[in-house]
């Protein structure tokens, strides 16, 4: 092989080696990244903002349900409707039956001993029960799905001054749509629910709602 042929062969070998290196480098390059938002199967946590859930503007009117007077048909309080039947065993013996106290204003509270608002509300309710007894007010608390011993100890510890019913199977609470505890209903002398409120309320809300079933009475917190 002549000198020129040798040089040409060398050049061709070098070019072949360079092409091989270039191809290998291309094959080793990573694939272009795609956006999480467009990747099938992306979870909410992938798109979450730091310290919270997915970023989204709140809808107008969102917020906690207020513990104030209810409007008809919006919160399950049955405001403006006849009160459902209520007949439950009474703590200590006997039966609590709304039919037996027809014609009197009644404050019905569904509760459990384990809820902190119940502990806070009971002494306030006892005060109202004593102050407006002469006006005919009847206050009834109905404990839902707890044993009698537990309820008795709770009532004694708070020196409760009103009747306590036992809804051991939850059927009374279901009939009244008491889906959250505690919940309050104010029933007038005609047996119509005039106000309702979720628990965790104070004496001001209690007094306002009591006023709806004690017309002509100056109800104060």
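The values are calculated or read from the model by the stated rules, or taken from the named source; none is laboratory data. Since the structure is predicted, the reported quantities are computational estimates derived from the model, not experimental observations. In this analysis, Cβ positions are derived from the backbone assuming ideal geometry, glycine residues included, and neighbour counts consider all displayed protein chains.
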Please give the strands (runs of 3 or more DSSP E) falling wholly within the stretch 126-214 in which 2 or more residues are in contact with a strand residue (DSSP E or B) (Cβ under 6 Å, 6 or more places away or on another chain), in contact (Cβ under 8 Å) with a residue 60 or more places away in the chain and surrounded by 14 or more Cβ atoms within 10 Å (Cβ to Cβ). 163-167, 183-187, 193-198
Please state which of the following conditions residue 99 fails to meet, knowing it meets all the rest: (1) modelled with pLDDT of 95 or more; (2) over 18 Å from residue 185 (Cβ atoms); (3) exposed (fewer than 12 other Cβ atoms within 10 Å of the Cβ). (2)
Residue under evaluation residue 192, criteria (1) modelled with pLDDT of 95 or more; (2) under 15 Å from residue 84 (Cβ atoms); (3) under 24 Å from the mean Cα position of the chain (by Cα), criterion not met: (3)
